[in-house]
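**Q** What follows is a single structure, and I will ask about it in a moment.
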Amino acid sequence: MPKRIRVAVFPVAGLGTRFLPATKAMPKEMLTIVDRPVIQYAVDEAREAGIEHFVFVTGRNKSVIEDHFDRQLELEWTLESRGKTDALETLRRELPIAGQTSFTRQQEPLGLGHAVWCARNLVGNEPFALLLPDMVFKSEPGVLKQMVGAYEETGNNVIAVEEVAPENVSSYGVVGRGQGPDSGFEVTSMVEKPKREDAPSNLIISGRYILRPEIFALLSEHTKGAGGEIQITDAMQTLLRNQGFTGVKYEGRSFDCGSKSGFLAANVAFALDRPDISGQFLSELKGILPA
Ligand code: UTP
(Lines give C-alpha, C1' and ligand atoms only; values in the text may rest on other atoms or scores of the structure.)
Protein backbone atom coordinates (compact mmCIF):
# COMPACT_ATOMS: atom_id res chain seq x y z
CA MET A 1 0.00 0.00 0.00
CA PRO A 2 1.53 3.39 -0.98
CA LYS A 3 1.91 6.16 1.60
CA ARG A 4 -1.40 7.85 2.39
CA ILE A 5 -2.04 11.32 0.91
CA ARG A 6 -2.31 13.64 3.90
CA VAL A 7 -1.19 17.01 2.53
CA ALA A 8 -2.75 19.23 -0.13
CA VAL A 9 -1.19 22.30 -1.73
CA PHE A 10 -3.35 25.18 -2.97
CA PRO A 11 -1.45 27.69 -5.13
CA VAL A 12 -3.22 31.03 -4.73
CA ALA A 13 -0.48 33.49 -5.59
CA GLY A 14 -1.56 34.30 -9.16
CA LEU A 15 -2.47 37.86 -10.08
CA GLY A 16 -5.95 37.11 -11.40
CA THR A 17 -5.60 39.68 -14.18
CA ARG A 18 -8.63 38.30 -16.02
CA PHE A 19 -10.85 39.57 -13.20
CA LEU A 20 -9.51 43.10 -12.88
CA PRO A 21 -10.63 45.45 -11.44
CA ALA A 22 -12.39 43.04 -9.00
CA THR A 23 -9.05 41.46 -8.12
CA LYS A 24 -7.10 44.67 -7.65
CA ALA A 25 -7.47 44.52 -3.87
CA MET A 26 -9.25 41.17 -3.43
CA PRO A 27 -7.86 37.73 -4.32
CA LYS A 28 -9.76 35.98 -7.09
CA GLU A 29 -10.00 32.90 -4.86
CA MET A 30 -12.35 34.90 -2.61
CA LEU A 31 -14.85 35.66 -5.38
CA THR A 32 -18.06 33.91 -4.44
CA ILE A 33 -19.96 31.08 -6.03
CA VAL A 34 -23.43 31.66 -4.56
CA ASP A 35 -22.34 32.42 -0.97
CA ARG A 36 -19.01 30.64 -0.55
CA PRO A 37 -15.61 31.72 -1.85
CA VAL A 38 -14.08 29.74 -4.71
CA ILE A 39 -11.25 28.49 -2.45
CA GLN A 40 -13.74 26.86 -0.07
CA TYR A 41 -14.90 24.42 -2.78
CA ALA A 42 -11.35 23.11 -3.29
CA VAL A 43 -10.70 22.83 0.46
CA ASP A 44 -13.95 20.87 0.95
CA GLU A 45 -13.03 18.57 -1.94
CA ALA A 46 -9.63 17.92 -0.33
CA ARG A 47 -11.15 17.25 3.07
CA GLU A 48 -13.58 14.75 1.53
CA ALA A 49 -10.57 12.93 0.02
CA GLY A 50 -8.95 12.53 3.46
CA ILE A 51 -6.57 15.51 3.48
CA GLU A 52 -5.45 16.62 6.96
CA HIS A 53 -2.96 19.40 6.19
CA PHE A 54 -3.91 22.31 3.92
CA VAL A 55 -0.94 24.26 2.55
CA PHE A 56 -1.65 27.60 0.84
CA VAL A 57 0.94 29.30 -1.33
CA THR A 58 -0.14 32.91 -1.19
CA GLY A 59 1.21 36.27 -2.33
CA ARG A 60 0.74 39.92 -1.56
CA ASN A 61 -2.90 41.01 -1.09
CA LYS A 62 -3.95 37.49 -0.13
CA SER A 63 -4.09 37.69 3.66
CA VAL A 64 -7.89 37.64 3.59
CA ILE A 65 -7.63 33.96 2.56
CA GLU A 66 -5.83 33.27 5.83
CA ASP A 67 -8.58 35.15 7.71
CA HIS A 68 -11.24 33.12 5.96
CA PHE A 69 -9.80 29.90 7.40
CA ASP A 70 -9.56 31.34 10.91
CA ARG A 71 -12.28 31.73 13.54
CA GLN A 72 -14.06 35.07 13.82
CA LEU A 73 -15.02 34.99 17.47
CA GLU A 74 -16.91 38.30 17.58
CA LEU A 75 -19.04 37.22 14.65
CA GLU A 76 -19.67 33.82 16.25
CA TRP A 77 -20.78 35.45 19.51
CA THR A 78 -23.11 37.81 17.65
CA LEU A 79 -24.67 34.98 15.65
CA GLU A 80 -25.08 32.96 18.84
CA SER A 81 -26.72 35.79 20.75
CA ARG A 82 -29.11 36.42 17.83
CA GLY A 83 -30.04 32.73 17.62
CA LYS A 84 -28.66 32.39 14.06
CA THR A 85 -27.63 28.80 14.66
CA ASP A 86 -27.70 27.71 10.99
CA ALA A 87 -25.19 30.37 9.95
CA LEU A 88 -23.03 29.56 12.97
CA GLU A 89 -23.12 25.85 12.20
CA THR A 90 -22.07 26.53 8.56
CA LEU A 91 -19.12 28.65 9.69
CA ARG A 92 -17.93 25.99 12.12
CA ARG A 93 -18.42 23.04 9.78
CA GLU A 94 -16.29 24.58 7.02
CA LEU A 95 -13.38 25.55 9.24
CA PRO A 96 -10.23 23.40 9.31
CA ILE A 97 -9.16 22.33 12.81
CA ALA A 98 -6.48 24.52 14.44
CA GLY A 99 -3.05 23.50 13.17
CA GLN A 100 -4.33 21.96 9.94
CA THR A 101 -3.47 24.99 7.78
CA SER A 102 -0.09 26.38 6.73
CA PHE A 103 0.65 29.45 4.66
CA THR A 104 3.76 30.35 2.74
CA ARG A 105 4.40 33.08 0.21
CA GLN A 106 5.51 32.97 -3.36
CA GLN A 107 7.36 36.26 -3.44
CA GLU A 108 7.02 36.70 -7.20
CA PRO A 109 4.44 35.05 -9.49
CA LEU A 110 6.98 33.12 -11.56
CA GLY A 111 4.57 30.39 -12.56
CA LEU A 112 2.61 27.47 -11.13
CA GLY A 113 5.67 25.21 -10.94
CA HIS A 114 7.46 27.83 -8.87
CA ALA A 115 4.43 28.24 -6.57
CA VAL A 116 4.43 24.48 -5.90
CA TRP A 117 8.18 24.53 -5.24
CA CYS A 118 7.58 27.20 -2.57
CA ALA A 119 5.62 24.56 -0.60
CA ARG A 120 8.49 22.05 -0.52
CA ASN A 121 9.44 22.45 3.13
CA LEU A 122 5.85 22.32 4.30
CA VAL A 123 5.14 19.15 2.29
CA GLY A 124 8.40 17.33 3.10
CA ASN A 125 9.26 13.96 1.65
CA GLU A 126 5.80 12.57 1.04
CA PRO A 127 3.30 12.38 -1.82
CA PHE A 128 0.82 15.24 -1.88
CA ALA A 129 -2.27 16.52 -3.63
CA LEU A 130 -2.19 19.71 -5.69
CA LEU A 131 -5.47 21.53 -6.29
CA LEU A 132 -5.83 24.62 -8.47
CA PRO A 133 -8.78 26.36 -6.83
CA ASP A 134 -9.86 28.00 -10.11
CA MET A 135 -11.16 24.64 -11.22
CA VAL A 136 -14.42 23.90 -9.46
CA PHE A 137 -16.23 20.61 -10.03
CA LYS A 138 -19.68 19.23 -9.69
CA SER A 139 -18.97 15.58 -9.12
CA GLU A 140 -19.93 12.75 -6.83
CA PRO A 141 -17.62 11.74 -5.26
CA GLY A 142 -15.25 14.70 -5.56
CA VAL A 143 -12.54 14.59 -8.23
CA LEU A 144 -9.66 14.27 -5.74
CA LYS A 145 -11.39 11.34 -4.05
CA GLN A 146 -11.74 9.62 -7.43
CA MET A 147 -7.99 10.13 -7.94
CA VAL A 148 -6.99 8.82 -4.52
CA GLY A 149 -8.52 5.48 -5.53
CA ALA A 150 -6.23 5.33 -8.60
CA TYR A 151 -3.23 6.35 -6.48
CA GLU A 152 -3.86 3.66 -3.87
CA GLU A 153 -3.96 1.01 -6.58
CA THR A 154 -0.71 2.02 -8.30
CA GLY A 155 1.35 4.33 -6.08
CA ASN A 156 1.82 6.42 -9.25
CA ASN A 157 1.57 10.13 -9.72
CA VAL A 158 -2.03 10.83 -10.78
CA ILE A 159 -3.50 13.56 -13.00
CA ALA A 160 -7.20 14.36 -13.50
CA VAL A 161 -8.08 14.93 -17.14
CA GLU A 162 -11.10 15.89 -19.22
CA GLU A 163 -11.88 16.12 -22.91
CA VAL A 164 -12.03 19.41 -24.80
CA ALA A 165 -12.71 20.24 -28.44
CA PRO A 166 -9.45 19.67 -30.40
CA GLU A 167 -9.34 23.34 -31.48
CA ASN A 168 -9.05 24.38 -27.81
CA VAL A 169 -6.10 22.22 -26.69
CA SER A 170 -3.52 24.96 -27.12
CA SER A 171 -4.76 26.75 -23.98
CA TYR A 172 -4.02 23.81 -21.68
CA GLY A 173 -1.62 21.10 -20.53
CA VAL A 174 -2.36 18.00 -22.62
CA VAL A 175 -1.59 14.31 -21.95
CA GLY A 176 -1.02 11.32 -24.23
CA ARG A 177 -3.22 8.33 -23.39
CA GLY A 178 -1.90 4.75 -23.17
CA GLN A 179 -3.50 1.56 -21.89
CA GLY A 180 -6.22 1.42 -19.25
CA PRO A 181 -9.78 2.54 -18.47
CA ASP A 182 -11.04 6.07 -17.74
CA SER A 183 -10.70 5.39 -14.00
CA GLY A 184 -6.93 4.90 -14.38
CA PHE A 185 -4.93 4.82 -17.63
CA GLU A 186 -1.24 5.11 -18.43
CA VAL A 187 -0.08 8.65 -19.27
CA THR A 188 2.48 8.43 -22.08
CA SER A 189 3.38 12.12 -22.52
CA MET A 190 2.53 15.62 -21.35
CA VAL A 191 2.91 18.98 -23.00
CA GLU A 192 1.94 22.48 -21.90
CA LYS A 193 -0.06 24.58 -24.36
CA PRO A 194 0.80 22.63 -27.53
CA LYS A 195 -0.16 23.70 -31.03
CA ARG A 196 -3.26 21.81 -32.11
CA GLU A 197 -1.23 19.68 -34.57
CA ASP A 198 1.36 18.76 -31.89
CA ALA A 199 -1.13 17.78 -29.17
CA PRO A 200 -0.94 14.08 -28.21
CA SER A 201 -4.74 13.97 -27.59
CA ASN A 202 -7.63 16.23 -26.62
CA LEU A 203 -7.35 15.23 -22.94
CA ILE A 204 -6.41 18.25 -20.86
CA ILE A 205 -5.03 18.42 -17.34
CA SER A 206 -7.88 19.70 -15.16
CA GLY A 207 -6.21 21.26 -12.14
CA ARG A 208 -5.99 18.25 -9.80
CA TYR A 209 -2.79 16.26 -9.26
CA ILE A 210 -1.32 13.71 -6.86
CA LEU A 211 2.45 14.05 -7.00
CA ARG A 212 5.35 12.19 -5.50
CA PRO A 213 7.90 14.41 -3.72
CA GLU A 214 10.66 13.86 -6.31
CA ILE A 215 8.93 16.62 -8.33
CA PHE A 216 10.51 19.22 -5.99
CA ALA A 217 14.07 18.44 -7.11
CA LEU A 218 13.03 19.05 -10.73
CA LEU A 219 11.18 22.26 -9.86
CA SER A 220 14.26 23.54 -8.04
CA GLU A 221 15.99 23.84 -11.42
CA HIS A 222 13.61 26.75 -12.14
CA THR A 223 13.46 25.96 -15.85
CA LYS A 224 11.17 28.37 -17.70
CA GLY A 225 8.62 27.00 -20.16
CA ALA A 226 5.53 28.21 -22.02
CA GLY A 227 4.86 31.93 -21.45
CA GLY A 228 8.25 32.35 -19.74
CA GLU A 229 6.79 30.76 -16.57
CA ILE A 230 8.09 27.84 -14.50
CA GLN A 231 5.55 25.19 -15.47
CA ILE A 232 4.53 22.16 -13.41
CA THR A 233 3.79 20.25 -16.64
CA ASP A 234 7.44 20.50 -17.74
CA ALA A 235 8.66 19.05 -14.44
CA MET A 236 6.08 16.26 -14.67
CA GLN A 237 7.16 15.50 -18.25
CA THR A 238 10.74 15.01 -16.97
CA LEU A 239 9.56 12.90 -14.02
CA LEU A 240 7.65 10.69 -16.45
CA ARG A 241 11.00 9.28 -17.64
CA ASN A 242 11.47 7.59 -14.23
CA GLN A 243 8.04 7.39 -12.62
CA GLY A 244 4.59 6.22 -13.66
CA PHE A 245 1.75 8.67 -14.18
CA THR A 246 -1.86 7.54 -14.15
CA GLY A 247 -4.58 9.61 -15.82
CA VAL A 248 -8.10 9.68 -14.39
CA LYS A 249 -10.83 10.86 -16.71
CA TYR A 250 -13.01 11.90 -13.83
CA GLU A 251 -16.78 11.65 -13.66
CA GLY A 252 -18.37 15.06 -13.25
CA ARG A 253 -18.39 18.52 -14.75
CA SER A 254 -15.80 21.27 -14.41
CA PHE A 255 -16.09 25.04 -14.26
CA ASP A 256 -13.01 27.10 -15.03
CA CYS A 257 -13.57 29.87 -12.51
CA GLY A 258 -10.37 31.60 -13.66
CA SER A 259 -12.39 32.74 -16.68
CA LYS A 260 -15.41 35.03 -16.45
CA SER A 261 -17.78 32.77 -18.35
CA GLY A 262 -16.77 29.67 -16.35
CA PHE A 263 -17.18 31.57 -13.09
CA LEU A 264 -20.63 32.84 -14.05
CA ALA A 265 -21.69 29.37 -15.24
CA ALA A 266 -20.56 27.91 -11.89
CA ASN A 267 -22.74 30.42 -10.07
CA VAL A 268 -25.76 29.44 -12.14
CA ALA A 269 -25.14 25.69 -11.76
CA PHE A 270 -24.55 25.79 -8.00
CA ALA A 271 -27.46 28.17 -7.40
CA LEU A 272 -29.83 25.86 -9.29
CA ASP A 273 -28.71 23.05 -6.97
CA ARG A 274 -29.46 24.92 -3.78
CA PRO A 275 -32.90 24.04 -2.41
CA ASP A 276 -33.10 27.32 -0.45
CA ILE A 277 -32.83 29.57 -3.53
CA SER A 278 -33.21 27.48 -6.67
CA GLY A 279 -36.96 28.14 -7.19
CA GLN A 280 -36.74 31.91 -7.03
CA PHE A 281 -33.42 31.97 -8.92
CA LEU A 282 -34.82 29.89 -11.77
CA SER A 283 -37.81 32.19 -12.20
CA GLU A 284 -35.50 35.23 -12.26
CA LEU A 285 -33.25 33.50 -14.75
CA LYS A 286 -36.19 32.70 -17.02
CA GLY A 287 -37.11 36.37 -16.93
CA ILE A 288 -33.64 37.30 -18.19
CA LEU A 289 -33.06 34.64 -20.83
CA PRO A 290 -34.31 35.42 -24.35
CA ALA A 291 -37.50 33.47 -25.11
P1 UTP B 1 -3.49 31.20 -13.77
O2 UTP B 1 -2.80 30.74 -14.97
O3 UTP B 1 -4.97 31.17 -13.77
O4 UTP B 1 -2.97 32.68 -13.47
O5 UTP B 1 -2.94 30.33 -12.55
P6 UTP B 1 -3.51 33.82 -12.53
O7 UTP B 1 -2.44 34.82 -12.40
O8 UTP B 1 -4.04 33.27 -11.24
O9 UTP B 1 -4.78 34.47 -13.28
P10 UTP B 1 -4.82 35.39 -14.60
O11 UTP B 1 -4.50 34.49 -15.75
O12 UTP B 1 -3.86 36.53 -14.43
O13 UTP B 1 -6.25 35.88 -14.61
C14 UTP B 1 -3.42 29.04 -12.23
C15 UTP B 1 -3.24 28.80 -10.75
O16 UTP B 1 -1.89 28.88 -10.36
C17 UTP B 1 -1.69 29.88 -9.37
C18 UTP B 1 -2.90 30.78 -9.47
O19 UTP B 1 -3.16 31.41 -8.22
C20 UTP B 1 -3.98 29.81 -9.87
O21 UTP B 1 -4.48 29.09 -8.75
N22 UTP B 1 -0.41 30.56 -9.65
C23 UTP B 1 -0.09 30.91 -10.92
C24 UTP B 1 0.44 30.85 -8.61
O25 UTP B 1 0.15 30.55 -7.43
N26 UTP B 1 1.63 31.46 -8.89
C27 UTP B 1 1.99 31.81 -10.15
O28 UTP B 1 3.10 32.35 -10.34
C29 UTP B 1 1.10 31.52 -11.19
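**Q** Averaged per residue, what accessible area in Å² does region 111-157 show with a 1.4 Å probe, protein chains only? It would help to have the intermediate numbers written out before the result.
**A** Working: 1620 Å² over 47 residues.
Per-residue value: 34 Å².
**Q** Now for a separate question. Using a 1.4 Å probe on the protein chains only, how many percent of the accessible area of the chain belongs to carbon and sulfur?
**A** On the way: 7320 of 14720 Å².
Summing carbon and sulfur atoms, their accessible area is 50 percent of the total for the chain.
**Q** Using only the heavy atoms of the protein chains and a 1.4 Å probe, how would PHE10, PHE270 rank by accessible area, largest first?
**A** Numbers: PHE10 0, PHE270 30 Å².
The most accessible residue leads, giving PHE270, PHE10.
**Q** Mind ranking GLU45, GLU221 by accessible surface for me, highest first, 1.4 Å probe? Let's see the in-between values first.
**A** Working: GLU45 20, GLU221 125 Å².
Most to least solvent-accessible, the answer reads GLU221, GLU45.
**Q** I'd like the distance between the alpha-carbon centres of region 74-137 and region 226-291, rounded to an integer number of Å.
**A** What the calculation gives is 19 Å, centre to centre.
**Q** Using unit Cβ charges (K, R positive; D, E negative) and no other charged atoms, how large, in debye to the nearest 20, is the dipole of the chain about its Cα centre?
**A** Working: 32 positive and 38 negative charges, 86 e Å.
Around 420 debye, computed over the chain.
**Q** Now a separate question. Enumerate by residue number the trypsin sites (Lys or Arg not before Pro) in region 24-75 meeting two conditions: DSSP loop (anything except H, G, I, E, B), and at most 14 other Cβ atoms within 10 Å of the site's Cβ. List each step's numbers first, then the result.
**A** Details: sites: LYS24, LYS28, ARG47, ARG60, LYS62, ARG71; in loops: LYS24, ARG60, LYS62, ARG71.
Sparse-neighbourhood loop trypsin sites (Lys or Arg not before Pro): LYS24, ARG60, ARG71.
**Q** Which links in LYS84/LYS145; LYS260/LYS286; LYS24/LYS224; LYS249/LYS286 stretch past 23 Å when you go from one Cα to the other?
**A** Working: LYS84/LYS145 33 Å; LYS260/LYS286 21 Å; LYS24/LYS224 26 Å; LYS249/LYS286 33 Å.
The pairs that break the limit, which is 23 Å between Cα atoms, are LYS84/LYS145; LYS24/LYS224; LYS249/LYS286.
**Q** Additional query: How many Å² of accessible area per residue for region 207-266, probe 1.4 Å? Working shown, then result.
**A** Values: 2610 Å² over 60 residues.
That works out to 44 Å² for each residue.
The values are calculated or read from the model by the stated rules, or taken from the named source; none is laboratory data. Please read these numbers as outputs of a predicted model, since none were measured by experiment. Because the Cβ atoms are built from the backbone with ideal geometry, glycine has one as well, and the counts that use them run over all protein chains shown. Ligands, DNA and RNA are stripped out before the accessible areas are found, and what is left, the full protein with its side chains, is counted by its heavy atoms. Shrake-Rupley method; radii C 1.70, N 1.55, O 1.52, S 1.80 Å.
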